[in-house]
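What follows is a set of notes on a single structure, which appears directly below.
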Amino acid sequence: MSANAVGTASNSSVEILTQDVVKISENNYLIGVKFKFDPGWHTYWINPGDSGEKAIFNWNLPQGYSISSPKWPAPEVIPYPPLMTYGYENEVIILFNLNKDSQSDTDDEIILHSEWLACADICLPQEGSSSVNLEEIINSTINSNSEILKVKESLPSKFPSKVLTTIDDDKILLKGEINDELKNSKIYFFPYNQNLITHTASQNSTFNVNSFTHSVERNENNDFLSEIKGVISFTKDGEIKSFYFSSNTLSTSSSLSVLNLTIALMSAFIGGLLLNLMPCVFPVISLKIFNFIEISNNKKEVLFHGLSFSIGSILSFVSIGILILILKILGSEIGWGFQLQSPLFVAILIYLFVILFLNFIGVFNIPNLFSNFGINFQESNSYKNSFGTGVLAVAVATPCTAPFMGSALGLALTQPNIFSILIFLFLGLGFSLPYLIISLFPKILDLMPKPGHWMETFRKIMAVPIFLTILWLVWILSNQVMLKDLLYLFIGISFITILCFLKEVTGFFRLSLKYFKPVFALLFLLSIYLLPLNLEKMNTIQSEISLDEIEKLSQIGPLFINFTADWCITCKVNEQIALNSDYFDSIIESKGINYLKIDWTNKDTNINKLIESYGRSGIPLYVYYPYEEYGPVLLPEILNQSILENYLEYNY
């Protein structure tokens, strides 16, 4: 195909504007693709409204060249009763950034094949191709009457202040600060999401001294909204100014709080239930399974032990929630799973799991001092043990965020109020549901083998995940403290081990245990002393990452952010299954996606603020910026190749 060819269709044409190129930098150029339509015909924007489809651009580029996502001008309202559509009439220029490597060859051409709809009373699918020699682009001069520069200046810019989004009955309210220049303008909101609003409904605005409130009707099929983004156009005295924005936090007015609270509570309940399947929780859940098997012949004991475990779990969820809310109200920057950012808490968990491991392999025997932690299986009739096991299960479960939990926790922790406690309560109820069912219907245990010698083998098998948990916790701690603090902990573990063997040692030498009580007290105090109480952190420097820095990175090109931590097992599983795969490596290379990994292993207020800016409070959190104007897209907490394909290959 010859250079600068115009792709002509039945009612329109497509053309790369070769005589009108803007050189951004030595290796970056702004080029335009122009669509022209017969009089009375139009095409569509990113969101076509009630009907239509946006244009598709397929580029054939030489090696060493890449091209950005399209930069769409603000659309026009194109009513077609009873429908409302958004698009462009007569002609439109779509801009792209063309990037080249410094050593790339210029003796080649780029080819565009595009597909689009041209509509009047009918819609006709159109397609066409256009090509241009790279040398023409690179050697082009700036035209004083450049159409591209005019389009560039009229592109939607980022809204200068934060846009707050609120649900009020069937309305979505957009609120933001404006200057006098925009005051009393006619406002129109063009959402990126086609199913967000009722397009045919009227949009209304009110103005205060230095702010506006814009009301649009919510689409009845969109019950729970976590991301609201799009373009706001202000028209005044014939002049149009457009801005793009993205909001990942959503507040609700009192008139609709019941509906949104109900959805949040359902999400929390399902998320809590699914938390039982998370790898973080399995070692501790095995304790409860073992306990149920031990007492399966006594239905009354099954009931009370199950209730004790459930009460311990539910109270722990609520207590952690209240603690986080209090700390946040007092000004602390913390999020879900914050306790494993504390080396002291991690070290205590290591001690507890060492005791559990020794118990499961059959050597554990320790005074009742530790029985309140749910780890003394020699007294299976103690409800305190079951209660403590529930507490321990929640302690190691909270670093994980199961599916459905993310949005519910985000609502609870980023907008704290009395309803937040209900969300934590439903998390606990969902987490405890399987054990409540077994407690209320103990005949379920009849399906399991009867107690016998096999239980000792089962106990030793269950010791394996507990030992792996110890290794995992030690690995976490090694990334939080200095080497000497880690060595002190190993000495403390040896003291704990000696304590567990103390009664066996005295029995072997036929000595009275009472003479060893001072030794027991000394070893116990030494093991406490060796905990990292006054630790010297490996890294006390806070990261400088912020939302502004992220948005600057998104200007360069597509951006994928992985919020992770050593203590988040779900994060590590996702990385092994999805993010370390050949597919992920190939897709970020082929699409030119920048990959940013943010480690939240240690407490970092800047990272916590960044996570909350996306309406979340914990990890896993995966954020994808297709391009700057579109804003962030949040992926599910659990990843696989299919999910990555749906999000990374979608034509935004």
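No value in this document is a laboratory result; all are computed from the given coordinates. Since the model is a prediction, treat every value here as computed from it, not as a measurement. Glycine also receives a Cβ, built like all others from the backbone with ideal geometry; neighbour counts cover every protein chain displayed.
Details
- Volume of the Cα convex hull of the stretch 546-586, divided per residue and given in Å³: 74 Å³
- Signed unit charges on C-beta, dipole axis of the stretch 53-118, positive-most listed residue SER66, LEU83, ILE110: LEU83
- Partners for LYS236 among lysines (Cα-Cα distance below 16 Å; same-chain residues under 8 apart left out): LYS183, LYS186
- Multiplying the residue separation of SER51 and ASN184 by 0.36 nm and removing their Cα-Cα distance gives an extension gain of 44.8 nm.
- Within the stretch 600-652, the proportion of C-alpha pairs whose separation exceeds 15 Å stands at 53%.
- Were the residues from ILE138 through ILE577 laid out at 0.36 nm apart, the gain over their Cα-Cα distance would be 153.8 nm.
- In this structure, the pairs whose alpha-carbon distance is over 31 Å, taken from LYS34/LYS552; LYS328/LYS591; LYS158/LYS572; LYS100/LYS552, are LYS328/LYS591; LYS158/LYS572.
- The alpha carbons of the stretch 8-157 stretch over 54, 28, 22 Å along the principal axes, in descending order.
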